[in-house]
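Below: one structure, written as structure tokens.
The values are calculated or read from the model by the stated rules, or taken from the named source; none is laboratory data. Being a predicted model, the structure only gives us computed values, none of them experimental. Every residue, glycine among them, receives a Cβ derived from its backbone with ideal geometry; neighbour counts consider all protein chains shown. Ligands, DNA and RNA are stripped out before the accessible areas are found, and what is left, the full protein with its side chains, is counted by its heavy atoms. Shrake-Rupley method; radii C 1.70, N 1.55, O 1.52, S 1.80 Å.
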Amino acid sequence: MTISPPPGTAEPTRAASPLTISEQGAFWVGVGRKPTEAGTAAEAAMYVQYQIPADLRYPLPVVMVHGGGGQGTDYLSTPDGRPGWATRFLQAGYAVYVVDRPGHGRSPYHPDVLGPIEGSAPTYEFIRWLFCDGAGRPGSQWPGSGEIGDDSALDQLMASQGPTLPTFAENEEQMRRCGAELLDRIGPAVLITHSMGAPFGWLVADARPGLVKAIVSIEPMGPPFIELPGLGKLEWGLTAAPITYEPPARTPEELHLRLREAGGDGLQDCLVQDEQAGPVRSLPGLQGFPIAVVAADTSPFAPFQHGVADYLAQAGADAELLRLADLGLTGNGHLPMGEKNSDDVAEALMTWLNKRLADVEETSR
């Protein structure tokens, strides 16, 4: 199968050649059976769409995991209709797996299985604040005006938004179960996660040691131990669901914490483990592979991304804070895979990924 750019779509030179796919398909993982009053329903499963390029240049596939109320379409195309990161990684020679987490997109939501929908429907006002704040200002990378009623890109993003699942902890347990089954099926992989999908990376790496070879966490949720009303608290640091610590922690209360000063203007003080209260517990499931915590400069998440990287590094992870602005990529918000410079961001991340994976391979020789 050969895929050419859509007619009338402005494409950069790097994407001018057609993309030839050798194999593609879809499947669900995590399919279980759950008793309900009406009979046996399918347990919350995860939809997986995959494509393998004919010119496969890298041995590790990339799994792309969306955030919050989004779905896999966040990676398939941009809100203004350009090819998304799934296509760009395929063109670079990666096999790509794009998921719809349980209860999102093509992984159907039903309250008998996932619980009642809490709260109101996603609103333009919230989505605009989260993704488009600053649109229209010089240098903004949002591909529209950001004005409700006068931004077709905002309309496209809004149309993709679904409900947020009832609690962090239950949502994350589904990520762990389905993500582990996915890697059991496809083998070692690189995980690219976004926002509220970040715990997918932390928990799947913890559940399947050796199968996660790198994590690129785009604008991960945080800061550590945050509590969001109606959704829950990241009781275990970066997750609401239990994760393995060494020495073991039987309850979150065994994690002794202190507030670390951010040391920079506009940055938030964040919690880390308190070294004075005893040995710092490590996260063994997140060791032995590179992790990028990717921060955009105009995102509402920008003030605390250092706290996510600090918490990981303190726990023994090979975590690196990648501020897009330090790479010359400015004006980005919370959805860099959907903004005007999305191709440039993808290339920067692939450069980092290829270098770090090569370093790991060289060290292991």
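Okay, here's what the table says:
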read-out: PRO209 in a loop (DSSP other than H, G, I, E, B), at pLDDT 95 or above and more than 19 Å from GLU170 (Cα to Cα); value: no
read-out: Filter result for the condition that a residue is loosely packed, with under 14 Cβ neighbours inside 10 Å, over 17 Å from ASN332 (Cα atoms) and touching a residue at least 40 places away in the same chain (Cβ under 8 Å), over GLU118, GLU125, GLU173; value: GLU118
read-out: Filtered residues of segment 144-161 (kept if open to solvent by 20 Å² or more (accessible area, probe 1.4 Å) and either more than 21 Å from TYR75 (Cβ to Cβ) or touching a Lys or Arg at 6+ places or on another chain (Cβ under 8 Å) (or both)); value: SER145, GLU147, ILE148, GLY149, ASP150
read-out: Enumeration of residues in segment 122-152 that are in a helix (DSSP H, G or I) and over 18 Å from ALA296 (Cα atoms); value: TYR124, GLU125, PHE126, SER152
read-out: Restricting segment 282-305 to residues that are assigned to a helix (DSSP H, G or I), of a type outside the set (A, V, I, L, M, F, W, C) and farther than 25 Å from PRO248 by Cα, the residue that is nearest to the chain's Cα centre (by Cα); value: GLN305
read-out: Wholly within segment 18-103, strands (runs of 3 or more DSSP E) carrying at least 1 residues that are of a type in the set (Asp, Glu); value: 19-29, 96-100
read-out: Given (1) more than 20 Å from GLN141 (Cβ to Cβ); (2) more than 17 Å from the chain's Cα centre (by Cα), number of the condition VAL99 does not satisfy; value: (2)
read-out: Test: residue in segment 70-93 that is within 30 Å of ALA135 (Cα to Cα), crowded, with 19+ Cβ neighbours inside 10 Å and modelled with pLDDT under 95; value: yes
read-out: Residue in segment 224-232 that is outside any loop (DSSP other than H, G, I, E, B) and in contact with an Asp or Glu (Cβ under 6 Å, 6 or more places away or on another chain) present; value: no
read-out: Segment 264-323: number of residues that are without any contact (Cβ under 8 Å) to a residue 12 or more places away in the chain and among the aliphatic types (A, V, I, L, M); value: 1
